[in-house]
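The values are calculated or read from the model by the stated rules, or taken from the named source; none is laboratory data. This is a predicted model, so every value here is computed, not measured. Please note: Cβ atoms are built from the backbone with ideal geometry, for glycine as well, and neighbour counts cover all protein chains shown. Ligands, DNA and RNA are stripped out before the accessible areas are found, and what is left, the full protein with its side chains, is counted by its heavy atoms. Shrake-Rupley method; radii C 1.70, N 1.55, O 1.52, S 1.80 Å.
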Amino acid sequence: MDFRLSPEEETLRRQVEQFVREELIPLEPVFEGAPDIFEGSRWKSRAKLSRDPEVQRYIAVMEGLKRKAEAGDLWHLDVPKAYGGREVSNVAMIAVTEELEKASVPFELGNHVSNILYACKGEQVERFLLPCIRGEKTACFGLTEPGAGSDPSMMAATAAPDGDYFAINGTKMFPTFGDVAGFVQVFARLPGTKGREGVTCFLVDTGHPGYRVVRSIGTIAGSEPCELVFDNCRVPKNQVLGEVGKGWELNQAWLGARRFQVGIRCHGTAQRVLRRVGALLRLDPREHEKFSASLGHFRGEMEALRSITYHGSWKADQGMDARFEAACVKLFGTELLHRVVDFALEVAGPGALRKEHAIARAFRYARPRRIVEGASEIQRHMIQRALFREGIACMEL
Ligand SMILES: Cc1cc2nc3c(=O)[nH]c(=O)nc-3n(C[C@H](O)[C@H](O)[C@H](O)COP(=O)(O)OP(=O)(O)OC[C@H]3O[C@@H](n4cnc5c(N)ncnc54)[C@H](O)[C@@H]3O)c2cc1C
């Protein structure tokens, strides 16, 4: 077994490490005081629409970083070569994110392109995929419904064929950026189907007749998800993403690929939080003594998280089934981060509860992660299913 990155992956990791050291770390004090809108990933869409001169100043800094990253060929890393990207492996993207997470500046390399958009065909490529790759458009994801969250197979939204169109009817809860995105990737089922059958994904422009934003919901998560209603929203057949009735597979692919990134982000955030705790404890040897066992324990658990994240990504790169590892990483990573942040609040005391304190910000990031994109209970359920798949020996445990 060889746990080293390949020479190309190691070269990329070093490039990113240098970028972080030279460009991001020096900006940390600047971003400590950034407006709330720079929490999470809002700077990529919502903040850009703001007219607040202070927000625009920070956006200008981000745009400057983007230009430097582009100049260093660090922008389209996971984009397929066919679309002008470097098409680096999942493992390489984990190494990239691990480096980026060493700085608290909320900067990411690349525009956000939902992986299912690579199923775009024909004119969909020009209209939906390429503008996302170029950063001209953003997309939101419409899966969850009022009665179908943890179990999307209960989805009630329908897409009824009507000549060259489908008429979509239903409500979607929580699509992040549903009010500012250029289009939605919305899932609805063919009439008369149940469970995973008949689920179809559509690409719908957010201004399309029949598409309505009911409200945007302020959350502690650093994003404002929306409630969307589709009221006889007639969408041409050529806006089906992938194949009619094959939307379930697209949904699974989207979630699966994200979980390893969630894991390494949890690792990075936990690391930054523990560094802060370490800096505090260094000032007080008696307090240090009191908390040192917990610090050591967390550090050990973080190493385990890092290992399963790399291992799962490696399996995904080999084309192996990595669903079990993805569920383990999502569960273990988000739960561990939550415990680390809770511990940090305990050590740092009431001062860290200040809204703008880095540990309070980490708390706001950490807690929703245990729910969003598959709650912990659901991951536990998926993991235990693997025991039964593996046979009698495991069942006897
Ligand atoms: C900030 C934020 C952003 C989001 N962004 C998006 C988005 O962009 N697109 C999108 O489609 N959705 C989005 N969501 C929705 C999110 O994915 C769902 O909230 C999540 O999947 C849980 O679904 P639910 O809210 O319907 O909870 P429910 O399914 O009602 O579950 C509630 C709780 O019950 C427990 N539970 C449920 N089922 C079981 C079970 N079988 N066994 C044991 N326990 C169970 C779990 O602990 C769960 O947390 C977002 C949510 C938030 C908060």
Check your understanding: For the subset of the range 142-165 comprising residues that are in contact with a Pro (Cβ under 8 Å, 6 or more places away or on another chain) and assigned to a loop (DSSP other than H, G, I, E, B), which member is most open to solvent (accessible area, probe 1.4 Å)?
Key -> Asp164
Check your understanding: Quick check: anything in the range 59-78 open to solvent by 50 Å² or more (accessible area, probe 1.4 Å), in a helix (DSSP H, G or I), in the same structural domain as Ala92 (by TED's automatic domain parsing) and within 20 Å of Glu224 (Cα to Cα)?
Key -> no
Revision key, fill the gap. Screening Thr200, Thr206, Thr144, Thr158 for residues that are in contact with a strand residue (DSSP E or B) (Cβ under 7 Å, 6 or more places away or on another chain) and within 13 Å of the ligand (Cβ to nearest atom) leaves only Thr144
Review point. Looking at this structure, is Glu98 at pLDDT 95 or above, within 16 Å of the ligand (Cβ to nearest atom) and charged (D, E, K, R)?
Key: no
Revision key, fill the gap. Of those in the range 1-47 that are modelled with pLDDT under 95 and among the hydroxyl-bearing types (Ser, Thr, Tyr), the residue nearest to the chain's Cα centre (by Cα) is Ser41
Review point. Can you pull out the residues in the range 47-58 that are in a helix (DSSP H, G or I) and either of a type in the set (Ser, Thr, Tyr) or open to solvent by less than 50 Å² (accessible area, probe 1.4 Å) (or both)?
Key: Ala47, Val55, Tyr58
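Is it the case that the range 127-136 has a residue that's away from the ligand (no atom under 16 Å from the Cβ) and among the basic types (Lys, Arg)? Reasoning before the result, please.
Just the residues of the range 127-136 that are away from the ligand (no atom under 16 Å from the Cβ), to begin with: 127-131, 133-136.
Okay, now just the ones that are also among the basic types (Lys, Arg), so 127, 134.
Yes; the residues of the range 127-136 include at least one that is away from the ligand (no atom under 16 Å from the Cβ) and among the basic types (Lys, Arg).
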**Study point:** Residues of the range 336-372 classified as in contact with a Leu (Cβ under 6 Å, 6 or more places away or on another chain) and within 16 Å of the ligand (Cβ to nearest atom), total
**Key:** 1
Review point. Identify, please: which residue in the range 241-263 is open to solvent by less than 10 Å² (accessible area, probe 1.4 Å) and out of contact with any Pro (no Cβ under 9 Å at 6 or more places or on another chain) and is, among those, nearest to the ligand (Cβ to nearest atom)?
Key: Gly247
**Study point:** Qualifying residues in the range 187-197 (those that are over 14 Å from Ala160 (Cβ atoms) and open to solvent by less than 40 Å² (accessible area, probe 1.4 Å)) - the one nearest to the ligand (Cβ to nearest atom)
**Key:** Phe187
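Quick grid of which residues meet (1) crowded, with 18+ Cβ neighbours inside 10 Å; (2) touching a Ser or Thr at 6+ places or on another chain (Cβ under 6 Å); (3) outside the structural domain of Phe363 (by TED's automatic domain parsing); (4) not in a helix (DSSP H, G or I):
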| site | (1), (2), (3), (4) |
| --- | --- |
| Met302 | yes, no, no, no |
| Ser307 | no, no, no, no |
| Tyr310 | yes, no, no, no |
| Ser313 | yes, no, no, no |
| Ala316 | yes, no, no, no |
| Met320 | no, no, no, yes |
| Glu325 | yes, no, no, no |
| Val329 | yes, yes, no, no |
| Arg339 | no, no, no, no |
Exercise for review: Say whether the condition of being under 17 Å from Cys120 (Cβ atoms) and open to solvent by 30 Å² or more (accessible area, probe 1.4 Å) is met by at least one residue in the range 171-182.
Suggested key: no
Exercise for review: Confirm whether Ala352 is farther than 12 Å from Leu274 by Cα, small (Gly, Ala, Ser), open to solvent by less than 30 Å² (accessible area, probe 1.4 Å) and more than 15 Å from the chain's Cα centre (by Cα).
Suggested key: yes
**Study point:** Filtered residues of the range 18-39 (kept if open to solvent by less than 60 Å² (accessible area, probe 1.4 Å) and part of a helix (DSSP H, G or I))
**Key:** Phe19, Val20, Glu23, Leu24, Leu27, Glu28, Phe31, Ile37, Phe38
Check your understanding: Do you know which residues across the range 209-224 are in contact with a strand residue (DSSP E or B) (Cβ under 7 Å, 6 or more places away or on another chain) and either among the charged types (D, E, K, R) or within 13 Å of the ligand (Cβ to nearest atom) (or both)?
Key -> Arg212, Arg215, Ser216, Ile217, Thr219, Ser223, Glu224
Check your understanding: Can you tell me which of Gly182, Gly178 is touching a strand residue (DSSP E or B) at 6+ places or on another chain (Cβ under 8 Å), on the phi < 0 side of the Ramachandran plot, within 12 Å of the ligand (Cβ to nearest atom) and in contact (Cβ under 8 Å) with a residue 24 or more places away in the chain?
Key -> Gly178
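Identify, please: which residue in the range 227-250 is hydrophobic (A, V, I, L, M, F, W, C) and modelled with pLDDT of 95 or more and is, among those, farthest from Gly163 (Cα to Cα)?
Leu228
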Study note, to complete from the structure: The condition from (1) more than 16 Å from the ligand (Cβ to nearest atom); (2) surrounded by fewer than 19 Cβ atoms within 10 Å (Cβ to Cβ) that Glu377 misses is numbered (1)
